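Reviewing the structure listed below.
Quick note: the coordinates plus some simple rules give every number you see, no bench work behind them. Here the structure is a predicted model, which means the values were calculated and not measured. Virtual Cβ from ideal backbone geometry, glycine too; neighbours counted across all protein chains shown.
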Amino acid sequence: GRRCLLLTSLSGVVVSLAMLGFSFYMLKTTSPPARAASPDTCDYDTCYECISDTDCGFCGSLCVAGNDTYASNFSMCDEQQYYGDRCDYKYFNWGYVAVASVTFFLAFFNAGT
């Protein structure tokens with residue numbers, strides 16, 4: 001009846017939120033290492049930290065000054081290798097797990113209403 005539906009929905013919401021938190025944690029901890037192109041700007045250790053700054057972007061293994069679409073100095077970075085809004089994960093992108101977690105959250109939350 002209603003109690004079973006409520007408990008299933010609540011359990012699904014809790015598990016999906018735990019998966020979402022874990023995916024964000026993994027995105028941060030498995031982020032590719034970065035080094036600053038110049039010591040005075042964009043001095044971050046990982047790609048995740050680098051793209052969190054709106055004035056920086058990730059290029060290869062460098063954290064360079066720029067915005068979401070292009071680097072401010074094209075001589076340091078090819079436009080096709082520049083990422084201002086995401087990291088280039090080589091093995092597994094935990095972003096897919098985050099999207100799946102939100103989908104599960106909405107499905108279980110909707111079932112309980």
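Mean residue ellipticity at 222 nm, helices only, the chain: -15000 deg cm²/dmol; runs of at least 4 DSSP H residues each add -39,500 (n - 2.57), and the sum is divided by the number of residues. Find the eigenvalues of the gyration tensor of the Cα atoms of segment 1-63, then list the square roots of 5 times those eigenvalues as equivalent ellipsoid semi-axes, largest first, in whole angstrom. Computed over segment 1-63, the values are 41, 9, 6 Å. Taking label points 7 Å from Cα along the Cα-to-Cβ direction, D85 and S72 give a separation of 2.0 nm.
Computed from Cα positions, the angle between helix 95-111 and the longest principal axis of the chain comes to roughly 20 degrees.
Across the chain, the convex hull enclosing all Cα atoms gives 101 Å³ per residue. For the chain, the Cβ-based charge dipole about the Cα centre amounts to some 940 debye (Lys, Arg positive; Asp, Glu negative; other atoms uncharged).
Based on C-alpha pairs under 8 angstrom that are at least 6 apart in sequence, the chain has a relative contact order of 31 percent. Working from label points 7 Å from Cα in the Cα-to-Cβ sense, the F109 to Y25 distance is 2.1 nm. Relative to the dominant Cα principal axis of the chain, helix 2-29 is inclined by about 10°.
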